[in-house]
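The values are calculated or read from the model by the stated rules, or taken from the named source; none is laboratory data. No experiment lies behind these values; they were computed from the predicted model shown. Virtual Cβ from ideal backbone geometry, glycine too; neighbours counted across all protein chains shown. Just so you know, the surface numbers come from the protein's heavy atoms only, side chains and all, with ligands and any DNA or RNA stripped out. Shrake-Rupley method; radii C 1.70, N 1.55, O 1.52, S 1.80 Å.
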Amino acid sequence: MPWLSTLMAVPVLGAVGVSLVKNDKLAKQVALAVSLVVLALTVVMATRFDPSSAERFQFAEVHQWIPRFGVHYGVGVDGIALVLIALSALLVPIVILASWHDADGTGAAAPPKRSVRTYFALLLVLEAMMIGVFAATDVFLFYVFFEAMLIPMYFMIGSYGGVQRSYAAVKFLLYSLFGGLLMLVAVIALYVVAEKNTFMFPELIGAIQDPGTQKWLFLGFFIAFAVKAPLWPFHTWLPDAAAQAPAGAAVLLVGVLDKVGTYGMLRFCLELFPEASKFFTPLVIVLAVVGIVYGAIVAIGQTDMKRLIAYTSISHFGFIALGVFAMTKDAGAGATLYMVNHGFSTGALFLIAGFLIYRRGSSRIADYGGVQKVSPVLAGSFLIAGLSGLSLPGLSTFVSEFMVLMGSYERYKVAAIIAASGVVLAAIYILWMYQRTMNGPTAESVKGFTDLNARERWVVGPLVALLIVFGFFPKPMLDVINPAVDKTLSSVHVTPFTPAVAEKKGAGQ
Amino acid sequence: MNGTIQAPTIEYALLSPMLIVFGAAIIGVLIEAFAPRYLRKSIHMPLTLLALLGAFATTILGGVNGLPTSASAMGAVAVDGPALFVWGIILILAFVSVLLINDDEQFVAQAAAVPGSSDEEEAVRSGYAQTEVYPLLLFAVGGMLLFSSANDLLAMFVGLEVMSLPLYLLCGLARRRRLLSQEASVKYFLLGAFSSAFFLYGMALVYGYTGTVSLKGIGDALGVVSGQETLLLIGTAMLGVGLLFKIGAAPFQAWKPDVYQGAPTAVTALMASTVLVAAFGAVLRVFWVALGGLEWNWQPVMWGIAILTMIVGAILAITQTDIKRMLAYSSVAHAGFLLTGVIATGAAAQNAKALSAILFYLAAYGFTTVGAFAVVTMVRDAGGEAGHLSRWAGLGKRSPFLAGVFAFFLLAFAGIPLTSGFFGKYAVFAAAVSGGAVPLVVVGVVSSAIAAFFYVRVIVLMFFNDPAADGPSIAVPTVGTSAVVALAAAATVVLGVFPQPVLDLADQAASALFIR
């Protein structure tokens, strides 16, 4: 069975179905059902995945698409791609459930009513593209998804976002497009220089030998990914986009779309241009560390919840990039795990912030206070999500952050030490935000708040559960990730420093 | 000399597309002269469409029958792979444009009447409808066919004029905003006449150097004749000016926005798509076939022009407030992208690759352009089309489908993957990279990013802004117009998802390059 094609086809067909349904309520239900089907399929596929297989990309499908350009429809997953696809498939139904009223103009801060069907159809199209971008084993196909997925997100921000939505949407699109176009030059040059007449990723590994060429091509890819991730100093679009996007779209933007950047660094930059990656590692590490500290400090100063969460993500993306470019087993596996955990953690934060904003109609922190007295469950889940943002031991984010720090300490001691300060700063921005919004006397405007209703609990529950479960027992995920990271690093020809002892660390909590 | 005159041999079968179009044009003139007024349109319309279809069919037949290895009509016309491909595109696009023209609303009742005069009122009152549009269009299309396939400079000049003169007239026929339309017509005529003069003088100088006007002869002579290179270089530059004017490359782009804005939109659609195609056919012939040996001299200049064209087109488009002017500057930028392909010369295989890329790009761009202008004809105010961008605000709410299609065309212009524009751009950029023009491609993507800004700005206007209170109405499209939009959208999707068949066709057409 062509698992990956099915995973992409189902949401696309679902999107067509949703846009044809005349009734808004039915459209939402159809969208939710479709996304649950995708999730179920993903789970079944994941159980059939064999981490110890010698075959690198499983469930592989390769068909000619445009022979003239050497382009294939090539999909397949290794451990890294699998967990990211699972992350996407999991977040989409949660986001659909959370966005139930985002588009229909109810709620205190809602923009004027827009087409509900379009919103959910866009979500499903985006899901197909997210799966496609992680599954692509053809560099050109990856590029096509990489660029095409901007369009649904652009319309989601621009049509359904906050007051400055069109500014944010255009900024988001132009930044990403610019990075993407630089990557296009590198993609073309990769094909021309490699002279393999194919874009299939496995065949392109090791095809570029000349160090000078490698460096230029690396830069083309890396800048695109650094804009996407985003790394400091390419980050300025993210706070605007995330703050203006509806909460659900923000989750997918920060939780999944941005991961394409760090995933691209790990998969394409390291493996296609190993020498150049090593050459540029000091630069990237500096950018990553600056981003960790800068994102955290700026987050402390934010007065808007969504912007604050966006800046924390910039800090976290610094950790992921640090882990990727440290090129040790622990750091690599940690970075991959971080991508998934960050999706859960930030997803939960954005969604709960979205519930708050839905109730109060403002995203300013100053407009809240003492929410925990009126909505204890909301406040409690916000606290857990927040604590996962500061990597509290016992929550899954701790495992990944610890692995990244430890793995990079092996090679880059100074960088790891400075990066560790990000953990301390995280405690400040999260706890201070929690304190200002949830504790203290109950603000007048907050008094009428209801607690989370059943739908909202179904949104938050799974995320919190996953954060806790993988905090205590990350082994299943690491089992999938580790062999894939090993293979990646072995084609970069980095001698591993220590054997992976990650399982112990995770379980040792 | 034995006193008898040899009759020239003419390959009628090969040349039949051109002959059919010219023949129909002449019949059209006779219809204007003899058919009663009320019947004219119903005769013209099928005649024009049939002629274009017939010409297209014979073009395909020419391709199926195998290509000749030498030039036809005593060396005046080269019916080779690229020529047939270009003819095919021109004929389809012209066919599509005729469907758009079949809408009385757009054309003035009587071209000769002074705007606002009693003559004009009289003409409107008596229900005159313009029908000379059809023969004029056929002449223009015939000229394009000759222009893009001419194998000597004289024939090329004849083609250039036969193509241009009817277009000058067609530009002045807009029913609304007569003054703008006539101004466009006069500007186009004056500047076009200048450029023709440049071309003619360049031709004379090149003739002075090589002693021949045949492209092959010029190419052969380059290696043989020595001395007086100045003559050749000035001649080359002047030929270049004449040709670059037609494609609207900077710094010869000034006419495009005015003419595109003033001309009736259906005519703009025709010009924006087919003239570009024909002119690129001619540019390639002159620079690759005749002046291929002079590559080292014209390439650096062409680099500069390509860079300037891309940047000028992209940046000036940002400041535009009229949709047609914006599309005009966008077409300037696209001409620049195409020029990167013209520069990407090298060995024969590389040339074939670049040529095929250009051919594919022209096909992709032509369809999207016609579609975009077809949408423009449908968005109307009381005084005609709503050209000003502010009038387009909120169109996405009022007619989501139309705005969606237009947004799709704009994304194709911007070169977003899964649209035809992406593969067109990819193909020429790939050819340029393998031809060693990496810096040019970097400039190309940077200006694509700038260009994306103004395409996206229109999408923002249509979808994210609230509609104006007294916004334009959407004309109920005629069958023709809807067919045009549907066809263009379909072509944009198909070429964006399954470009392989057309790429194969372009490859096949380009594989043998130009015959000499």
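Does A:VAL289 satisfy the condition of being in a helix (DSSP H, G or I), among the β-branched types (Val, Ile, Thr) and under 15 Å from the mean Cα position of the chain (by Cα)?
Numbers: in a helix (DSSP H, G or I): yes; among the β-branched types (Val, Ile, Thr): yes; under 15 Å from the mean Cα position of the chain (by Cα): no.
No; evaluated as a whole, the condition is false for this residue.
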Selection count, segment B:486-507, where residues are open to solvent by 20 Å² or more (accessible area, probe 1.4 Å), within 11 Å of chain A (Cβ to nearest Cβ) and touching a helix residue (DSSP H, G or I) at 6+ places or on another chain (Cβ under 8 Å): 5
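Do we have A:LEU253 as open to solvent by less than 10 Å² (accessible area, probe 1.4 Å) and within 24 Å of A:VAL290 (Cα to Cα) here?
yes
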What is the residue count in segment A:161-173 for residues that are facing chain B (nearest Cβ under 10 Å) and touching a Phe, Trp or Tyr at 6+ places or on another chain (Cβ under 6 Å)? 3
Checklist (1) within 19 Å of A:ILE85 (Cβ to Cβ); (2) in a loop (DSSP other than H, G, I, E, B) applied to A:VAL37, failing item: (2)
Tally up the residues in segment B:370-394 that are open to solvent by less than 20 Å² (accessible area, probe 1.4 Å) and more than 16 Å from B:ARG176 (Cα to Cα), please. 10
Name the single residue, out of those in segment B:417-464 being among the β-branched types (Val, Ile, Thr), at the interface with chain A (Cβ under 8 Å from one of its Cβ atoms) and open to solvent by 10 Å² or more (accessible area, probe 1.4 Å), that is farthest from A:ALA189 (Cα to Cα). B:VAL460
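Criterion first (at negative phi and either part of a loop (DSSP other than H, G, I, E, B) or within 11 Å of another protein chain (Cβ to nearest Cβ) (or both)) does B:ALA483 satisfy it?
Numbers: at negative phi: yes; either part of a loop (DSSP other than H, G, I, E, B) or within 11 Å of another protein chain (Cβ to nearest Cβ) (or both): no.
No.
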In the list B:VAL241, B:VAL286, which residue meets the criterion of being surrounded by 24 or more Cβ atoms within 10 Å (Cβ to Cβ), among the aliphatic types (A, V, I, L, M) and in a helix (DSSP H, G or I)? B:VAL286
Residues of segment A:133-158 that turn out to be charged (D, E, K, R), more than 8 Å from chain B (Cβ to nearest Cβ) and either part of a helix (DSSP H, G or I) or closer than 20 Å to A:LEU87 by Cβ (or both), as a count: 0
Inside segment B:53-79, can you point out the residues that are under 20 Å from B:LEU153 (Cβ atoms), of a type in the set (S, T, N, Q) and open to solvent by 10 Å² or more (accessible area, probe 1.4 Å)? B:SER70
Restricting attention to segment A:330-359, which residues are surrounded by fewer than 24 Cβ atoms within 10 Å (Cβ to Cβ) and among the charged types (D, E, K, R)? A:ARG359
Breaking point among (1) more than 12 Å from chain A (Cβ to nearest Cβ); (2) within 24 Å of the chain's Cα centre (by Cα), for B:TRP392: (2)
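Considering only segment B:175-224, how many residues are of a type in the set (A, V, I, L, M), open to solvent by 50 Å² or more (accessible area, probe 1.4 Å) and within 21 Å of B:GLU295 (Cβ to Cβ)?
Filtering segment B:175-224 for residues of a type in the set (A, V, I, L, M) gives B:179-180, B:184, B:186, B:190-191, B:193, B:197, B:200, B:203-206, B:213, B:215, B:218, B:221-222, B:224.
Then keep just the ones that are open to solvent by 50 Å² or more (accessible area, probe 1.4 Å); that gives B:179-180, B:186, B:190-191, B:197, B:200, B:204, B:224.
Subset that is within 21 Å of B:GLU295 (Cβ to Cβ): B:224.
So the answer is 1.
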Of all residues in segment B:470-513, count the ones that are among the hydroxyl-bearing types (Ser, Thr, Tyr), touching a residue at least 12 places away in the same chain (Cβ under 8 Å) and either more than 23 Å from B:LEU61 (Cα to Cα) or in contact with a strand residue (DSSP E or B) (Cβ under 7 Å, 6 or more places away or on another chain) (or both). 4
State which residue is farthest from A:ASP479 (Cα to Cα) when the search covers only segment A:40-81 and only residues that are open to solvent by less than 50 Å² (accessible area, probe 1.4 Å) and within 14 Å of chain B (Cβ to nearest Cβ). A:ARG68
Filter segment B:395-405 for residues that are within 14 Å of chain A (Cβ to nearest Cβ) and of a type outside the set (Ser, Thr, Tyr) and give the result. B:LEU395, B:GLY396, B:LYS397, B:ARG398, B:PRO400, B:PHE401, B:ALA403, B:GLY404
Checking A:SER315, A:SER362 in turn, the sole residue that is surrounded by fewer than 24 Cβ atoms within 10 Å (Cβ to Cβ) and touching a residue at least 24 places away in the same chain (Cβ under 8 Å) turns out to be A:SER362
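Within the group A:GLY448, A:GLY508, A:GLY440, A:GLY471, which residue is at pLDDT 85 or above and not polar (S, T, N, Q)? First the steps, then the outcome.
Values: A:GLY448 fails: at pLDDT 85 or above; A:GLY508 fails: at pLDDT 85 or above; A:GLY440 fails: at pLDDT 85 or above.
Going through A:GLY448, A:GLY508, A:GLY440, A:GLY471 in turn, just one is at pLDDT 85 or above and not polar (S, T, N, Q): A:GLY471.
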If B:PRO82 satisfies every condition in (1) open to solvent by less than 70 Å² (accessible area, probe 1.4 Å); (2) over 18 Å from B:ALA140 (Cα atoms); (3) over 23 Å from the mean Cα position of the chain (by Cα) but one, which is the exception? (3)
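Taking the stated definitions as given, is A:LYS196 in contact (Cβ under 8 Å) with a residue 12 or more places away in the chain, touching a Phe, Trp or Tyr at 6+ places or on another chain (Cβ under 6 Å) and open to solvent by 10 Å² or more (accessible area, probe 1.4 Å)?
Numbers: in contact (Cβ under 8 Å) with a residue 12 or more places away in the chain: yes; touching a Phe, Trp or Tyr at 6+ places or on another chain (Cβ under 6 Å): no; open to solvent by 10 Å² or more (accessible area, probe 1.4 Å): yes.
Criteria not met by A:LYS196.
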Of (1) open to solvent by less than 10 Å² (accessible area, probe 1.4 Å); (2) within 12 Å of chain A (Cβ to nearest Cβ); (3) of a type outside the set (Val, Ile, Thr), B:PHE408 satisfies every one except (1)
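Inside segment A:407-425, can you point out the residues that are over 22 Å from the mean Cα position of the chain (by Cα) and open to solvent by 40 Å² or more (accessible area, probe 1.4 Å)? Can you show your working first?
From segment A:407-425, those over 22 Å from the mean Cα position of the chain (by Cα) are A:409-418, A:421, A:424; that's our starting set.
Passing the criteria: A:TYR409, A:GLU410, A:ARG411, A:TYR412, A:LYS413, A:VAL414, A:ILE417, A:ILE418, A:SER421, A:VAL424.
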Tell me which of these A:THR198 doesn't satisfy, since it passes every other one: (1) assigned to a helix (DSSP H, G or I); (2) more than 9 Å from chain B (Cβ to nearest Cβ); (3) closer than 30 Å to B:ALA349 by Cα; (4) not acidic (Asp, Glu). (1)
